[in-house]
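To start, the structure itself, in structure tokens.
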Amino acid sequence: MSDSVKAKCPSLVEVMMPEHENPSGNIFGGVLLSKMDIAGAVAARQVHPGRVVTVAMDSVIFKKPVLRGDLLICWADVVKVGNTSIKTKIRVEVNRNGEIIPVTEAEATYVAVKADGVKVRVGTKDDGTFVEPNLTEYCVACSDGSAADADGKGDGKSKDKGDGKSEDKGDNKSEGKSEDTSKTKSKDTRKSGKKHADKHSKCKCSSKKKSKKAKRACSCKD
């Protein structure tokens with residue numbers, strides 16, 4: 001196998017404290033190496049669900065010193081997955097007052113082992129079962145999003161189907177009701193108008209020229 005896995009976010013982020021520094025005020029190189037080792041192991045654990053141990057780390061050259069108060073950031077990508085080994089590439093930088101400063105980089109190799117230290121195939125769990133290595137981009141601080149997607153789908157469905165339906169039905173019903181009411185009202189108005197006109201035609205008060213006498217004699221109440 002020769003697949004690689006890219007990190008979407010840092011494997012390790014830590015503020016450098018006074019206990020990490022040497023008498024000169026710089027952070028110990030050994031401290032930085034230990035942080036790099038942890039970051040590489042975190043990346044290796046993304047493709048192997050069991051135990052891993054460090055077997056090698058290539059030459060490390062520190063380009064810049066790391067100071068107390070710096071935010072140490074370690075990125076780790078899986079560059080190669082073998083039968084029992086996982087090779088990672090680790091990049092180290094610091095955030096110093098908002099400025100990102102590259103510090104060093106190295107490759108570290110890890111081997112998948114059982115609890116007794118015997119090598120196992122990459123993807124073998126502690127209980128002996130095997131799972132295919134996860135060879136996708138990863139973020140150790142983020143979930144895979146599957147649960148969120150499932151929730152999102154559920155919410156979307158209930159919102160669209162449930163709320164949408166009830167809203168549409170409610171609107172349609174209210175609109176239909178008001179339309180029916182207006183139709184009934186106009187129908188009643190036409191009927192009452194017709195009755196009124198019939199009454200006036202009988203009593204002759206609907207003529208354009210009405211005498212006071214005719215008006216008084218009108219028996220219509222409308």
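The values are calculated or read from the model by the stated rules, or taken from the named source; none is laboratory data. Only a predicted model underlies this, so the values are computations on that prediction, with no experimental measurement involved. Because the Cβ atoms are built from the backbone with ideal geometry, glycine has one as well, and the counts that use them run over all protein chains shown.
With of a type outside the set (D, E) and closer than 30 Å to E21 by Cβ as the only criterion, which of V79, V92 stands out?
Every option except V92 fails the conditions.
Report yes if some residue within region 125-142 is on the phi > 0 side of the Ramachandran plot, exposed (fewer than 10 other Cβ atoms within 10 Å of the Cβ), at pLDDT 80 or above and out of contact with any helix residue (DSSP H, G or I) (no Cβ under 9 Å at 6 or more places or on another chain); otherwise report no.
There is at least one residue in region 125-142 that is on the phi > 0 side of the Ramachandran plot, exposed (fewer than 10 other Cβ atoms within 10 Å of the Cβ), at pLDDT 80 or above and out of contact with any helix residue (DSSP H, G or I) (no Cβ under 9 Å at 6 or more places or on another chain).
Taking the stated definitions as given, is G50 at pLDDT 95 or above and among the small types (G, A, S)?
no
Which residues, counting only those in region 3-47, are buried (at least 17 other Cβ atoms within 10 Å of the Cβ) and either touching an Asp or Glu at 6+ places or on another chain (Cβ under 7 Å) or among the basic types (K, R) (or both)?
V5, A7, M16, I27, K35, A43, R45
Going residue by residue through region 81-88, is there one that turns out to be basic (K, R), surrounded by 19 or more Cβ atoms within 10 Å (Cβ to Cβ) and touching a strand residue (DSSP E or B) at 6+ places or on another chain (Cβ under 6 Å)?
Yes.
Taking region 60-80 as the search range and keeping residues that are assigned to a loop (DSSP other than H, G, I, E, B) and hydrophobic (A, V, I, L, M, F, W, C), which one is surrounded by the fewest Cβ atoms within 10 Å (Cβ to Cβ)?
I61
Report yes if some residue within region 29-50 is in contact (Cβ under 8 Å) with a residue 40 or more places away in the chain, assigned to a strand (DSSP E or B) and farther than 18 Å from L135 by Cβ; otherwise report no.
no
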